[in-house]
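Trainee: Pasting in a structure now, in structure tokens, and then I'll have a few things to ask.
None of the figures in this text is laboratory data; all of them are computed from the coordinates on show. All values reported here derive from a predicted model rather than from experimental measurement. Note that we place each Cβ from the backbone using ideal geometry, even for glycine, and neighbour counts take in every protein chain shown.
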Amino acid sequence: MFRGSSFHNLDSKGRLIIPARFRDVLKQSTVDGLMISKMDGALFCYTFEQWRKIEDSILNLARKSKNMRRFRRIFIGGAHECLLDKQVRILIPPTLRQYAGLNKEVVLVGVLDYFEIWAKDSWAQEDEELHIDMENEELRNEIAELGL
């Protein structure tokens, strides 16, 4: 499972070194790399096995609404296969870097079955928005249901 968050730097070519704690998860995969797509202003990174589960779920949807077709088009159509190089780096394609506003400083955030890559400034804004949202009783009740 992917857990925790940490700050990293992209090199001038858009490559990112995968931290050791995430490499340990990737070693369990049959492919040395990730499938990366875009959502919520960030990049979502999945092992190939987890990506296959997502694709299967989408294919098996009973409802193929206009919104789901659009989601498939953007999320699946915008995905990229990013293999690890010998230095355990991935090259993030320019289109994905542009979407997420990634320059040099990024934040990697483990979200259990995948991890996210955020521009440092965008992550700070996301963090601040959650603090504001925590004043919402409905959200606090949802979190309380987790036993927290």
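Trainee: Arrange 54, 117 by Cβ neighbour counts within 10 Å, fewest through most, would you? Could you put the intermediate results ahead of the total?
Mentor: Values: 54 18, 117 25.
Arranged by neighbour count, lowest to highest, 54, 117 become 54, 117.
Trainee: Give the calculated FRET efficiency between residue 133 and residue 59 to the nearest 0.05, with a Förster radius of 41 Å applied to their Cβ-Cβ distance.
Mentor: According to the calculation, E is roughly 0.80.
Trainee: Ok, one more. Based on the Kirkwood radius over alpha-carbon pairs, what value in µm²/s does the Stokes-Einstein equation return for the translational diffusion coefficient of region 5-120 at 20 °C and 1.002 mPa s?
Mentor: The diffusion coefficient I find is 146 µm²/s.
Trainee: Neighbouring Cβ atoms within 10 Å as the yardstick, rank 122, 6, 57, 37 fewest first. Could you put the intermediate results ahead of the total?
Mentor: On the way: 122 17, 6 12, 57 9, 37 20.
With the sparsest Cβ surroundings first, the list reads 57, 6, 122, 37.
Trainee: Using the beta-carbon distance between residue 105 and residue 30 and R0 = 41 Å, what value does 1/(1 + (r/R0)^6) give for FRET efficiency, to the nearest 0.05?
Mentor: Taking R0 as 41 Å, the efficiency between residue 105 and residue 30 is 0.80.
Trainee: Whole angstrom only: what separates the Cα centroid of region 1-67 from the Cα centroid of region 119-147?
Mentor: 22
Trainee: Right, something else. Hey, rough spin-label estimate for residue 52 and residue 39, points 7 angstrom out along Cα→Cβ, what's it come to in nanometres?
Mentor: Reported label-point gap for residue 52 and residue 39 is 2.0 nm.
Trainee: Before rounding to the nearest 500, sum -39500 (n - 2.57) across all DSSP H runs of length at least 4 in the chain and divide by the residue total; then give [θ] at 222 nm in deg cm²/dmol.
Mentor: -10500 deg cm²/dmol
Trainee: Sticking with this one: Within 10 Å of each residue's Cβ, count the other Cβ atoms and sort 95, 30, 47 from fewest upward.
Mentor: 30, 95, 47
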